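Below is one structure; the comments refer to it alone.
The values are calculated or read from the model by the stated rules, or taken from the named source; none is laboratory data. Being a predicted model, the structure only gives us computed values, none of them experimental. Ideal geometry is used to build each Cβ from the backbone, glycine not excepted, and the neighbour counts take in all protein chains shown.
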Number of protein chains: 2
Amino acid sequence: VTVKKYLFAPGPTPVPPQVLAAMAEPIVHHRGADFRVVYKRCLERLQEVFRTEQDVLLFAASGTGAMESAVANLLGPGVPVLVISAGSFGERWHALAQAYGCDVDLLGYDWGETPSPEDVAARLSARPAKAVLMTQSETSTGVVSDVRALAAAAREGGALSVVDAISSLGAVPLETDAWGVDVVVSGSQKALMTPPGLAMVSVSERAWAALGTAPRFYYDWETTRVAQGKHDAAFTPAVSLIAGLDVALGMLLETGLEAAFAHHARLGAAAREGAKAMGLELFSPDEERSAVVTAIRSPDGVDSDDLLRLLSSEWGVTLAPGQARLKGRIFRIGHIGWYDVFDITTALAAVELGLDALGADVERGVAVTRALEAYSQSLRV
Amino acid sequence: VTVKKYLFAPGPTPVPPQVLAAMAEPIVHHRGADFRVVYKRCLERLQEVFRTEQDVLLFAASGTGAMESAVANLLGPGVPVLVISAGSFGERWHALAQAYGCDVDLLGYDWGETPSPEDVAARLSARPAKAVLMTQSETSTGVVSDVRALAAAAREGGALSVVDAISSLGAVPLETDAWGVDVVVSGSQKALMTPPGLAMVSVSERAWAALGTAPRFYYDWETTRVAQGKHDAAFTPAVSLIAGLDVALGMLLETGLEAAFAHHARLGAAAREGAKAMGLELFSPDEERSAVVTAIRSPDGVDSDDLLRLLSSEWGVTLAPGQARLKGRIFRIGHIGWYDVFDITTALAAVELGLDALGADVERGVAVTRALEAYSQSLRV
């Protein structure tokens, strides 16, 4: 039997058929007129999505590559940096800063906690840092930070703000210029509805004026800025992924960013209400900002990895597991990008079927109804 | 009028429809069972193409990213290195070694010259180096080096051999293990018939034993080796490009590497004979190893950039220009990957039409015939 497949993970996320079709078109040369039109438009659309007047630098890389670019271009051995970590992706910032020999002050939280701007202010007043590395959406826990307040605390403390917005850009508000965020890093494979392989970064005037001396080449910001200024790429660009991203960004901007943010907030509300109606306990905060991924505790006696294996093998449904210390204890429903309310109800229905099959004590027959109600209510607001 | 398009550049190269179709399939999760099968098979196929028993490390990046990985993992500030440069991509090795603060000895040749193993031996005996950075196919000039001899000279001189095989792997012989080449770097968008965005590197036991201390994270070899050992990727892999690469490698291996090498040699011979029959002068060497790209001098009084613009606008044909000091003086016909003899005759026919339209003194009506003859002759050998 060929099972119909459903991808409800927070990245890579499902890609719209229009985007896949654009990627399947014949390859064009990256220095030809055909591609330059796409490339220029794609870079301009990225500026709109980042909400910045600055250039958005585009790399053929996973999101981590663009994170590394921030560390390599701004920091280096002995440079003081404050790292905020409350999950797997905060730990990635920490590992990156350590790999570059930075003088790291770690503001660590338990996985699932929400970082506090007051803590950032206190740390920076005790020990100045060149930059604060932070995560907007901690995909491992479902927590979305208050980046506006965290970035303000960084600025007031005399530090640059560097934000991992890989899973959040296009899903929740991020006003790069208006909030004065210095560096925003993102990736193609989340709310930007494109396969993985493209990473991007915006850089403020303040950050351009603060470049460091660590060795770098492929991720050197200035090299890429100069090339992009000529509507060229420093190194052979991933032309087919860029053709796809251009289409996806066009779709996102046609929807409108505010409408996209409201849509994600509604999906998050529907997922949370449905899960609670089933009798499940949320791990991610039960608040509007939790619009990227809903993390749910596995019921007593059920290893969430067993649930995910069953959903995948029996019903073709892919959810995301708990990582590291949360392995087996939570599962995560991603709802960033090319998702609508019927994806939420399908994910909830699958969880209901799976948990019931595993003998868990869940309330049957209410989750989907409640999710739809929450969705309708939020439409009326 | 919509012009039919022909891509005869040496990268990105045309991608077979089967590969494009694989990339247009619905996205799968990179940690799901469906993708692991593809990923494992793709990595094994890469070993076959690299002709190595070592792991081939796969990155979401342009080829330059994998070049940087060699510098970042093996070299660093003050580390002595010998760089061979005879064109644009040799200069890239040089720029990379300089960006990392290496103690660089530059063995520089005029663009279009073929590097000599004796020169490498002489340089290393005068000044030992940890590694020799070299280019198998210098795409900017069409010269294919004798990597077997250059790598042997490096080894005998006590240095690691690091080969940029981005445009050559799968087109001309490269016996990584049998020739004792320590590091081979390649990319998806040349003879591997996949869009740009994937880069790969093989690492010998000797090179694994000689890792350096320069800062690195995304391109850290050990991180990727450990992840790939678990059929996982260190960072979100470019799943759609990998699905395409897997199909492309399957096609290449079904053809057989020896057959692919012979095919490319035949295409090179056909291109050279056709160009000469037209009365044009070759820039790349007129020898069997010139099987990747044929570089041709523009006739007196014709700026090759004008020729390329005309071919593109009038007939939809993309060739590659001369770069840097060769700008306007040469043009290049790429024939790596998804090309056959009719692509060569089409490229030659377009050049004939274009040069004639620009008033150049070319022999009409013979190039295609001579190219087909040369192709048939080489089939009989």
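Taking the criterion of being in contact with a strand residue (DSSP E or B) (Cβ under 7 Å, 6 or more places away or on another chain), among the aliphatic types (A, V, I, L, M) and in a loop (DSSP other than H, G, I, E, B), the only residue of segment A:193-231 that qualifies is A:Ala210.
Taken over segment A:308-328, the residue count meeting the criterion of being more than 11 Å from A:Ala295 (Cβ to Cβ) and either away from chain B (no Cβ under 11 Å) or touching a strand residue (DSSP E or B) at 6+ places or on another chain (Cβ under 8 Å) (or both) is 13.
Which is on the phi > 0 side of the Ramachandran plot and surrounded by fewer than 21 Cβ atoms within 10 Å (Cβ to Cβ), of A:Ala357, A:Ala324, A:Ala349?
Of the residues listed, the single one that is on the phi > 0 side of the Ramachandran plot and surrounded by fewer than 21 Cβ atoms within 10 Å (Cβ to Cβ) is A:Ala324.
Of the residues that make up segment B:65-80, is at least one within 14 Å of chain A (Cβ to nearest Cβ), without any contact (Cβ under 8 Å) to a residue 40 or more places away in the chain and more than 17 Å from the chain's Cα centre (by Cα)? Before the answer, list the steps.
Step one: list which residues in segment B:65-80 are within 14 Å of chain A (Cβ to nearest Cβ), which gives B:65-79.
Next, only the ones that are without any contact (Cβ under 8 Å) to a residue 40 or more places away in the chain stay: B:78.
Subset that is more than 17 Å from the chain's Cα centre (by Cα): B:78.
Yes, the conditions are met somewhere in segment B:65-80.
Within segment B:220-253, if we keep just the residues that are buried (at least 23 other Cβ atoms within 10 Å of the Cβ) and facing chain A (nearest Cβ under 8 Å), the residue that is nearest to B:Ala207 (Cα to Cα) turns out to be B:Phe235.
Evaluate segment A:137-149: report whether one residue or more is within 14 Å of chain B (Cβ to nearest Cβ), among the hydroxyl-bearing types (Ser, Thr, Tyr) and free of Cβ contacts under 8 Å to residues at least 12 places away in the same chain. For segment A:137-149, residues within 14 Å of chain B (Cβ to nearest Cβ), among the hydroxyl-bearing types (Ser, Thr, Tyr) and free of Cβ contacts under 8 Å to residues at least 12 places away in the same chain: absent.
If only one of B:Asp286, B:Asp305 is away from every other protein chain (no Cβ under 14 Å) and free of Cβ contacts under 8 Å to residues at least 24 places away in the same chain, which one is it?
Within the list B:Asp286, B:Asp305, the selection yields B:Asp286.
Out of the residues in segment A:190-215 that are surrounded by fewer than 24 Cβ atoms within 10 Å (Cβ to Cβ) and in contact with a helix residue (DSSP H, G or I) (Cβ under 9 Å, 6 or more places away or on another chain), which is nearest to the other protein chains (Cβ to nearest Cβ)? Restricting to residues being surrounded by fewer than 24 Cβ atoms within 10 Å (Cβ to Cβ) and in contact with a helix residue (DSSP H, G or I) (Cβ under 9 Å, 6 or more places away or on another chain), the top hit is A:Pro215. Scanning segment B:144-182 for residues that are more than 19 Å from B:Ala291 (Cα to Cα), of a type in the set (D, E, K, R) and either under 16 Å from the mean Cα position of the chain (by Cα) or part of a helix (DSSP H, G or I) (or both) yields B:Arg155, B:Glu156.
Scanning segment B:366-381 for residues that are under 19 Å from B:Ala259 (Cα atoms) and of a type outside the set (A, V, I, L, M, F, W, C) yields B:Tyr375, B:Ser376, B:Gln377, B:Ser378, B:Arg380.
Selection of first residues in segment A:332-360 that are in a helix (DSSP H, G or I) and of second residues that are among the basic types (Lys, Arg) and at pLDDT 95 or above, restricted to Cβ pairs under 8 Å at least 6 apart or on distinct chains, gives the following pairs, ordered by first then second residue: A:Val341/A:Arg266; A:Glu352/A:Arg364; A:Asp356/A:Arg364. Residues in segment A:87-121 that are more than 14 Å from every other protein chain (Cβ to nearest Cβ), of a type in the set (A, V, I, L, M, F, W, C) and either within 17 Å of A:Ala214 (Cβ to Cβ) or part of a helix (DSSP H, G or I) (or both): A:Val120, A:Ala121.
So which residues in segment A:176-189 are small (Gly, Ala, Ser) and surrounded by fewer than 24 Cβ atoms within 10 Å (Cβ to Cβ), if there are any at all?
If the condition is that a residue be small (Gly, Ala, Ser) and surrounded by fewer than 24 Cβ atoms within 10 Å (Cβ to Cβ), then A:Ala178, A:Gly180 are the ones that fit.
Out of segment A:1-31, which residues are more than 9 Å from chain B (Cβ to nearest Cβ), closer than 29 Å to A:Thr294 by Cβ and either part of a loop (DSSP other than H, G, I, E, B) or at pLDDT below 95 (or both)? Across segment A:1-31, the qualifying residues are A:Thr2, A:Val3, A:Lys4, A:Phe8, A:Pro10, A:Pro16.
Taken across segment B:273-282, residues that are within 14 Å of B:Thr141 (Cβ to Cβ), crowded, with 24+ Cβ neighbours inside 10 Å, touching a residue at least 40 places away in the same chain (Cβ under 8 Å) and touching a helix residue (DSSP H, G or I) at 6+ places or on another chain (Cβ under 8 Å) do not occur at all. Among the residues of segment B:32-62, the one identified as within 12 Å of chain A (Cβ to nearest Cβ), surrounded by fewer than 18 Cβ atoms within 10 Å (Cβ to Cβ) and part of a loop (DSSP other than H, G, I, E, B) is B:Gly32.
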